[in-house]
Amino acid sequence: MSFKQRNHTEKWTEEETRKFLKAIEIFGSDFSMIAKLFPKRNRAQIKNKFRKEEKEKPAEIDDAFKRHRLSNKRSLKDRIKNFQSMLMNDQLHDQRPDMNKFNSNSSLDSMDRVIIGDI
């Protein structure tokens, strides 16, 4: 008969819990990314913390996810506005954009380039 050996971890401090909730706001449920903010904790510990907080304080977890979705929505709206103004300024609405104009020094990330390429 084999039993999994359990590692006992330190209790989460109030400061770590605040940081964890803020990380949920930023990264959503990407526990691997959140784990990078906690060098002494691994992904499994982060996920267990999420499950515990979800049971004990569901309203706080829900609020963190709402703020995460809201910030993603704002980011998308800002990108759309930037694209619209870029199209107006460069008068690209009549022709397909030249992707060479968007060099690596541009503030556009790879997803922005894909969207512009589809315009």
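Worth pointing out:
- Where Rh is the Kirkwood radius over Cα pairs, Rg/Rh for the stretch 5-44: 0.98
- Asp78 paired with Phe50, simple spin-label distance in nm, labels 7 Å along Cα-to-beta-carbon: 2.4
- Violating pairs (Cα-Cα greater than 21 angstrom) within the set Lys19/Lys57; Lys11/Lys66; Lys47/Lys73: Lys11/Lys66; Lys47/Lys73
- Computed log₁₀ I(q)/I(0) - Debye formula, equal Cα scatterers, no solvent, the stretch 20-78, q 0.15, 0.19, 0.31 Å⁻¹: -0.43, -0.66, -1.23
Since every read-out is calculated from the coordinates, none of them should be taken as a lab result. Bear in mind that the values here come from a model prediction, so they are computed numbers and not experimental data. Note that each Cβ is placed from the backbone with ideal geometry, even for glycine, and that neighbours are counted across all protein chains shown.
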